[in-house]
Amino acid sequence: MRHKLILIAMTAAFAVTSAWAADKRDQTFIKDAIEGNLAEVQMGKLAQDKGQSDGVKSFGQMLATDHADANQKATAVANQIGVTPPTEPNAKQKALYEKMSKLSGAAFDQQFAKEMVQDHKQDIQKYQQAAKKQNDPVGDYANQTLPTLQKHLQQAQSLTNNKSTSR
């Protein structure tokens, strides 16, 4: 009987620990998502200002609009799960913005497209992982946002293709 009680207690402790770990993953994901959305809004505005091609400028406008919308949803999810939403991009994202803000014209367009392809590939992987959770605010947010991220990746890839073919 005593062994059975110990086993039950250990099982319960494991279940609580697993639930906490999932919550921690959700918290990290939603914080990262908000920082990413904030960074994408800034990069989108920068592309509208610094971009040379109409494609980069319109992509920048789409980024700013779509990620501002996504950020409203992500912030609501953060509040729902008890996470204080970040109010600015992370240090790495700020550094990329600073680097990009020093470029202009064709050099900006080329580097911007490259960065957006790389960033959206990474984001899609993170969102796909989070989207595996069913009937969960974080999973729902990730599922709703994935199609937009995939559209952004395709657009960014077409910008890099246009650059390589127009030389």
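Here, each number is a calculation from the coordinates, and none is a lab measurement. Here the structure is a predicted model, which is why all the values come from computation and not from measurement. Positions of Cβ are generated from backbone atoms using ideal geometry, with glycine treated the same way; all protein chains shown enter the neighbour counts.
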**Request:** Quick one: order 98, 35 by neighbouring beta-carbon count within 10 Å, fewest to most.
**Result:** 98, 35
**Per-residue HN-Hα couplings for segment 45-52 [Karplus 6.51, -1.76, 1.60; θ = phi - 60°; Hz; x = Gly/Pro]** = 5, 4, 5, 5, 7, 9, x, 9
**Request:** Among 50, 151, 132, rank each residue by its count of other Cβ atoms within 10 Å, from fewest to most, as a rough exposure measure.
**Result:** 132, 151, 50
**Prompt:** Which order do 101, 53 fall in if you start with the one that has the fewest other Cβ atoms within 10 Å?
**Reply:** 101, 53
**Fill in**
Note on segment 73-140: alpha-carbon gyration tensor, axes a ≥ b ≥ c; rule is a/c under 1.5 for rounded, else prolate if a/b larger than b/c, else oblate; result oblate
**Item:** Percent breakdown of C-alpha pair distances by 10 Å bin, ordered from the shortest bin, for segment 20-132
**Value:** 14, 44, 29, 11, 1
